[in-house]
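Written out below as structure tokens is the structure these notes cover.
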Amino acid sequence: MSARGRPGTVDGVTLHRPARRAFLVVHVVASAGWLGLSAGLLALGLAANTTGSAATLEAAVRSMKLFADWLLLPVALLTLASGLVLSLGTPWGLARHRWVWTKFWLTLATTTATVLALRPGVHEAVSAVSAGHPLPDGGDVLFGPVVSLSAYVFMTVISVLKPWGLTRRGRRLREAARRRTPAEPARV
């Protein structure tokens with residue numbers, strides 16, 4: 001990192017190009033992995049809800065538990081951490097652009113939902129099915145993956161399109177930077 005005073009960085013600290021690229025690769029891979037895990041959870045949830053076989057039902061919910069316990073949270077935290085480093089160490093900033101701010105809050109919300117809703121719902125389904133009971137509520141194993149997959153697709157779209165412009169803070173910072181930089185004299 002260097003202290004070059006570019007706007008949008010924290011206290012003028014910005015990532016050098018190789019570090020920025022490395023964090024970008026980590027962020028994109030982790031985000032794509034999170035999206036893929038959600039698609040896999042949705043497929044397993046559909047299998048659990050539509051099968052007539054007790055063995056397939058149990059295999060589907062046990063697989064969902066494996067994804068939820070061992071993969072989802074580390075990938076979610078890696079996505080969140082790498083996104084924070086990128087936003088704070090680049091001119092995009094965390095609260096300068098609406099699309100970055102939206103992605104941050106959606107990532108935080110989906111990570112929290114993974115911990116507080118998706119994982120407990122999957123654990124409940126596994127407990128019930130392992131005890132020989134039917135799936136308690138098929139919606140529990142479908143709702144989380146549908147919502148998270150929709151959120152990740154939306155975040156991917158706004159990452160590519162970068163809509164909505166600057167936040168109020170971003171406009172304030174841009175104006176302050178313009179006032180600090182004297183205008184070049186007109187050339188005749």
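Values computed for the structure shown
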{"quantity": "Segment 90-167 versus segment 42-86: alpha-carbon centroid distance in Å", "calculated": "12 Å"}
{"quantity": "Backbone N within segment 104-131 under 20 Å of label point (7 Å from W164 Cα along the Cβ vector)", "calculated": "104-113"}
{"quantity": "Distant-in-sequence amide H partners of H97 (H built 1.01 Å from N, under 5 Å)", "calculated": "T167"}
{"quantity": "Cα pair distances in the chain, grouped into 5 Å bins until the bin that holds the longest one, percent each", "calculated": "1, 8, 14, 16, 13, 11, 9, 8, 6, 5, 3, 2, 1, 1, 1, 0, 0, 0"}
{"quantity": "Residue-normalised accessible area of segment 59-188, expressed per residue, 1.4 Å probe, Å²", "calculated": "58 Å²"}
{"quantity": "Selected from R168, R96, R119 as most flexible by GNM, with the chain as the system and alpha-carbon contacts under 10 Å", "calculated": "R168"}
{"quantity": "Segment 33-74, Rg to Rh (Cα coordinates; Rh as Kirkwood inverse mean 1/r)", "calculated": "1.01"}
{"quantity": "15 Å tail of the calculated P(r), segment 12-57, as % of Cα pairs", "calculated": "63 percent"}
{"quantity": "Segment 79-174: relative contact order as a whole-number percent, Cα under 8 Å and 6+ apart", "calculated": "39 percent"}
{"quantity": "Calculated P(r) of segment 118-180 - Cα pairs past 18 Å, %", "calculated": "62 percent"}
{"quantity": "Helical segments meeting 30 Å axial Cα length and Kyte-Doolittle 1.6 threshold in the chain (DSSP H)", "calculated": "138-161"}
{"quantity": "Virtual paramagnetic centre 7 Å along Cα→Cβ of L66, amide N under 20 Å, in segment 144-184", "calculated": "145"}
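The values are calculated or read from the model by the stated rules, or taken from the named source; none is laboratory data. Remember, predicted model here, so these are calculated numbers, not experimental data. In this analysis, Cβ positions are derived from the backbone assuming ideal geometry, glycine residues included, and neighbour counts consider all displayed protein chains. The area values use the complete protein model at the heavy-atom level, side chains included, leaving out ligands, DNA and RNA. Shrake-Rupley method; radii C 1.70, N 1.55, O 1.52, S 1.80 Å.
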